[in-house]
Structures are given as C-alpha cells and as structure tokens.
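Notes follow the structure.
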Amino acid sequence: MLSYHPHPMDPVRIDVSTPSRPYAMTIGDGILDRAGEILDAIGAPARRIVVSSPLVWRLHGEQLSRAVTLAEPILVPDGERFKQLSTVSRIYDALVRGNADRAATLITFGGGVIGDMAGFAAATYLRGIAVVHVPTTLLAQVDSAIGGKVGVNHAMGKNMIGAFYQPHAVLIDPLVLGTLPRREFRAGLYEVIKYGMTSSAALFDRVARDRKAIFARTIEALMPIITESCRIKAEVVTVDEREAGPRRILNFGHTAGHALEAVTRYRRFRHGEAVAYGMLVAAELATARGALADGDRQALAAVIASLGPLPPIVDLSAGAILDAMQHDKKVVAGRLHFVLPTAIGATAIVDDVNEPELRAALKKIGFAP
Ligand SMILES: NC(=O)c1ccc[n+]([C@@H]2O[C@H](COP(=O)([O-])OP(=O)(O)OC[C@H]3O[C@@H](n4cnc5c(N)ncnc54)[C@H](O)[C@@H]3O)[C@@H](O)[C@H]2O)c1
Ligand SMILES: [Zn+2]
C-alpha cells in the first residue's frame, strides 16, 4: 500500500462563513502536531482546556498535549447513552473548579458525541466561550464537527436539547482514524456516500473506485474524500446556517434512517448504518416515481453493499418505521419532507410522499410487511 510519502501532503483549508461566525477548517496529516500554532494564529483565547473521552485520550492525548499547553483534560464517557445533560453538568463542574473564564478555549477531542456535548457546554458556560473541534471519528470529521449544531439527547428523543454555536476552528487530522474500529469507520463512510449522492458524482465514484485504499486508511485515499465532504458541508452551512432551506438536502437518507434508529432504540445501528438503509429507501421511492434511473439506484446499492454487511432488518415491520417517521423533526405542518435522489450528485425535496409508496419502498429494501 502506498502509505509512505516523502513529501507530506499540504494541509487543506476550507472556509465556513456563517453569519454568526466565519471560521476555517484545516485538514491535513499530522495537523494535530500543529494545533497550538494554529490556535495561536487565529487568536483563540490563550487558556486551552480539552474535553475528551478516556479512550480517545489514551490513544491520542499525548500527541495533542505535545502540541498544545493544556491543564488536566476533562474526561467524560462518550457512548450515545451518556450524551445527556448530566454529562454536560460534569463538564460545567470541571470548568467551574478550574476557574475557567472567557479567556479560555474549549477544545473538543473525540467523536460526534464528545463534540456535541462539549460544544454545548461551551455554548452555554458563561453564555459562551470559544470552542475548537478536533474530531477523531470519520463521522465527526466529515459531518458533526462542521456546522455548529451542538446538544444532547433527552429521554424522549435524540438531540432535543441544543443550540447552533459555531466553533472558532476545526482541525482535522485523518491520521487519528488509524485507531478507529472498522465498524465506526464504515459508519462514517456512509455519510461520505451521502455527500456523493446529494452533491458530487466525482466523490461517489471515488469511494467506489478507491474502496480498498480507503479501508487501508492511507492518507492519499482519505484526504480527498474528507476534504470533498467537508467542502460540501461547509458550502451548504454557509448559505443556510439554521437549516431553513438548502441545508435540508443533507438529510438525504435521514428520514427513514432516524426512524430505523428510533425503532431499534439506538442500539442496533450505528447512525451511518441506519442512513445507509435510509438512502436505499429514498432511492427505491425515487425510482418508483420515475425520478431516478434504475441504474443509479443500482450503483448506490452496489457501493453500499461493497462496504460490507449491514445489521439485519427482516424482523422490523414497515408499519413501525412509518409510525416513527411521523414523529420526525422533518414533519412540517403534518407533511413529511423527503429528500429524493434524482441522479448521482443531485436531489429534489418533495413533500407529497404517500404511505402506500413508502410502504412499497420499505418492503423492497427488505422490511417485514
Ligand atoms: N452536530 C451535528 O451536526 C451532528 C451530525 C451528525 C452526527 N452527530 C452526532 O454525532 C454522534 C455520533 O458520533 P460518532 O459516530 O463520532 O460516535 P462517537 O462519538 O460515539 O464515537 C464512536 C466511538 O469511537 C470511539 N473513538 C473516537 N475516536 C476514536 C479514535 N480515533 N480511535 C478509536 N476510537 C475512537 C469513541 O470512543 C466511541 O466509542 C451522535 O450523537 C450524533 O447525534 C451530530
Ligand atoms: Zn447523519
């Protein structure tokens, strides 16, 4: 495998200019080693406090500590079930104990759960202190660290408590993905496929073509897919910070996907896996309507299948999924908004999907009647 490269690739900088704050993402191998330098350059408040999980800290904490002068890290558990206010409270406690004030920058160092929770703590502690995301899962690097959504779950539903709070910077080092379990890595790849489907046929083709090198996690294979995904998300977030319009295309695959997660109580699927099924459902719907060529639907199914098996769905009924969809945040005035693919790299948002056609699509994917 081509993982040795005498001339390290230059880091890529992508600007996100939301109305509430412009900031940059810096993507590059070994960027972690330059974290202190980059934070100084953007004028991030001088006292640097990191929030991470015990696992991520054990794996990569030393590298970050060499680059940034840090006090003791604030370590909190990062399973989805810990993504709740009581964990955020522990972060507040540590900040208060450490006398953190507005001269502090909170660095979130972990997957999406750490980024969302610590980002929410930063948004609310002292009515907001600076936050810099250093995401360590593929999903967090291409999705959750960008766009400013932060928050926690409520017993009644996912991400029900939160805020829009843009970071001062996002630092993405693909090398940290080397320690990510394969299943987590794949879960992030489904979101990359999502960006390909909504916005870039070239990205879609690249995942299909470079699959082996991507799984080997060579920097040459990871850099293009991460930068292209980040570029797409940054572009969408820049024009629509609060998801009033264009940002909704990134919900492609998420209507059925969220329903699937809810029906299985967030235990069976990694988020990306549920989105993979959701994309297949949307593609079936689109083909049945004549909005998507069957060859494109097959290409999507093929690339998803090529990444490996997904958890089974044969025991889940289409009816239960339909019920769960009615509770989705994307129901506006009683109408379900659905992102349908119209080609690889293009979508349309429709609000007239009816129950029989959804049921038919779910059955085609393999859900029980
Ligand atoms: N804010 C947003 O816009 C947004 C978007 C998408 C998803 N999310 C949220 O993101 C969360 C999911 O994030 P996730 O998939 O990163 O899961 P996660 O944060 O739970 O991380 C997955 C697992 O990987 C481990 N891990 C993290 N980095 C690692 C590394 N480099 N090496 C080895 N192990 C590592 C973690 O300890 C954890 O066990 C969900 O709560 C979801 O709601 C938010
Ligand atoms: Zn998602």
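A short reminder: the numbers here are calculations on the coordinates, not readings from a lab. What you see is a predicted model; the values in this text were computed from it and never measured. Every residue, glycine among them, receives a Cβ derived from its backbone with ideal geometry; neighbour counts consider all protein chains shown.
When Lys and Arg each count +1 and Asp and Glu each count -1, what net charge do the other residues less than 15 Å away from S20, Cβ to Cβ, add up to?
Net charge in that neighbourhood comes out at +1.
With n ≥ 4 as the cut-off for DSSP H runs, can you work out [θ] at 222 nm for the chain, using -39500 (n - 2.57) per run divided by the number of residues, rounded to the nearest 500? Present the calculation step by step, with values, prior to reporting the outcome.
Numbers: 13 runs with 161 residues, N = 369.
Result for the chain: -13500 deg cm²/dmol, rounded to the nearest 500.
Evaluating kT/(6 pi eta Rh) at 25 °C and 0.890 mPa s, with the Kirkwood radius of the chain over Cα pairs in the Stokes-Einstein relation, gives 117 µm² s⁻¹.
Applying a threshold of 28 Å to the alpha-carbon distances of K149/K194; K212/K363; K158/K194; K83/K212; K194/K363 flags K212/K363; K83/K212 as lying beyond it. Judged by the ratio a/c of the largest to the smallest principal axis of the C-alpha gyration tensor, region 212-283 counts as oblate, that ratio being 1.5 or greater while a/b is no larger than b/c.
Pairs of C-alpha atoms in region 120-218 farther apart than 18 Å represent 57 percent of all such pairs. Close amide H partners of A348, meaning residues 5 or more places away or on another chain with modelled amide H under 5 Å apart, are L340, T342.
Using a cutoff of 8 angstrom between alpha carbon atoms and counting only pairs six or more residues apart, the relative contact order for the chain works out to 15 percent. Just add up the charged neighbours of G36: K/R +1, D/E -1, any other residue whose Cβ is under 11 Å from the Cβ of G36. Counting the neighbours of G36, the net charge comes to 0.
Take the alpha carbon atoms of region 163-239, find their center, do the same for region 88-108, and report the distance between the two centers in whole angstrom. If we compute the Cα centre of each part, the gap is 30 Å.
Cα gyration tensor of region 309-369, axes a ≥ b ≥ c as square roots of the eigenvalues: rounded (a/c below 1.5), prolate (a/b > b/c) or oblate? It comes out oblate by the Cα gyration axes.
Roughly how compact is region 1-123, stated as its Cα Rg over 2.2 N^0.38 Å to two decimals?
Working: Rg = 15.6 Å, N = 123, 2.2 N^0.38 = 13.7 Å.
So region 1-123 has a normalised radius of gyration of 1.14.
Of P341, L358, L307, which is farthest towards the positive pole of region 301-369's charge dipole, taken about the Cα centre with +1 and -1 on the beta-carbons of Lys, Arg and Asp, Glu respectively? In region 301-369, that residue is L307. The local environment of A71, defined by Cβ-Cβ distances under 10 Å, has a net charge of +1 under the rule Lys, Arg +1 and Asp, Glu -1.
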